[in-house]
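The values are calculated or read from the model by the stated rules, or taken from the named source; none is laboratory data. Just so we're clear, the structure is a prediction, and the values are computed from it rather than from any experiment. Positions of Cβ are backbone-derived with ideal geometry, glycine not excepted, and every protein chain shown enters the neighbour counts. Calculation scope for accessible area: heavy atoms of the full protein, side chains included, ligands and nucleic acids excluded. Shrake-Rupley method; radii C 1.70, N 1.55, O 1.52, S 1.80 Å.
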Amino acid sequence: MPTAVVIIDVQNAILKGTVVSDRLDILETKLDEAAARLGTIQKSARSHDIPVIIVQHDEPVGSGDPLTIGTKGWEIHPAVAPLDTDIVVHKQSCDSLHATELDQLLRSRGIDHLIIGGCMTQYCVDTTVRRATSMGYQVTLVSDGHMTSDMGALTYDQIIAYHNQILDGFGAGKFRVKAIPSSDISFAS
């Protein structure tokens, strides 16, 4: 099954503006940990000639958004910074497949299995995982490789656990999502 690793929105300021100030240090640490796990997967994929695709959310210049194009906050987190051999896809919605070249890039390479991780769990990760499945991709969700901030009464870890549970087994016809930890992802044949 031809595979690609897709890392969504792991950008320097992805949590900025979404976190209550007394929780920022905790959440930034958890983001760094998830990014490090994704970086390990990324390196392993590269060593096995598996394509790595970095999805980067773009907000327009002048918007004042933390993810404004060209700002430090918009840049990819250093733990998963792309190499020249990686593909960077730019998006402006929660869906990495909406109004981007991602589907075309994958299909032109015959890829039908995606290993997905990134930010924000309940928005861009969830939307992309579900859409990819409905478009005919087998999806592996890195269960410890996606991150978000607290939201209302829910803490980041509750949101992550919930999404791991509801997305594991999600399907569209014969296409399914499997949520597994980063330690179980291997590219060795």
**Fill in**
Residue by residue through segment 10-17, the couplings from Karplus 6.51 cos²θ - 1.76 cosθ + 1.60 with θ = phi - 60°, in Hz, x for Gly and Pro, are 7, 10, 3, 10, 4, 8, 4, x
**Request:** Taking a cut-off of 25 Å between Cα atoms, list the lysines near LYS72, but don't count ones fewer than 8 places away on the same chain.
**Result:** LYS16, LYS30, LYS43, LYS91
**Message:** At 1.4 Å probe radius, can you tell me the per residue accessible area of the chain in Å²?
**Reply:** 47
**Complete:** Spelling it out for ILE8: with amide H atoms placed in the peptide plane at 1.01 Å from N, the residues 5 or more places away or on another chain with amide H under 5 Å from its amide H are VAL55, GLY117, GLY118, CYS119
**Fill in**
Summing +1 per Lys or Arg and -1 per Asp or Glu among the other residues with Cβ less than 11 Å from PRO82's Cβ gives -2
**Cα extents of the chain along the three principal axes, largest first (Å)** = 44, 33, 29
**Request:** Add +1 for every Lys or Arg and -1 for every Asp or Glu among the other residues with Cβ under 11 Å from the Cβ of MET147, and state the total.
**Result:** -4
**Complete:** Amide H neighbours of LEU141 at under 5 Å, excluding residues fewer than 5 places away on the same chain, with H built from the backbone geometry, are ILE116, LYS178, ALA179, ILE180
**Prompt:** Using a 1.4 Å probe on the protein chains only, how many percent of the accessible area of the chain belongs to carbon and sulfur?
**Reply:** 54
**Request:** Run the dipole for the chain about the Cα centre, Lys and Arg Cβ at +1, Asp and Glu Cβ at -1, nothing else charged, and hand back the magnitude in debye, nearest 20.
**Result:** 560
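Just from its helices, what would the mean residue ellipticity at 222 nm be for the chain, if runs of 4 or more DSSP H residues each count -39500 (n - 2.57) and the sum is divided by every residue, rounded to the nearest 500 deg cm²/dmol? Don't skip to the answer; put the middle values down first.
Values: 4 runs with 52 residues, N = 189.
Helix contribution divided over all residues of the chain: -8500 deg cm²/dmol.
Count the net charge of all other residues whose Cβ sits under 15 Å from the Cβ of LEU106, scoring Lys and Arg as +1 and Asp and Glu as -1.
Taking every Cβ under 15 Å from that of LEU106, the sum is -1.
Which of the helices in the chain, when you take each full DSSP H run, stretch at least 18 Å along the axis at their Cα atoms and have an average Kyte-Doolittle score of -0.5 or higher?
On the way: long enough: 24-47 (34 Å, -0.26).
Long hydrophobic helices here: 24-47.
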**Asked** How are the C-alpha pair distances of segment 50-145 spread across 5 Å bins, as whole percents from the shortest bin up?
**Response** 2, 12, 23, 27, 21, 10, 4, 1
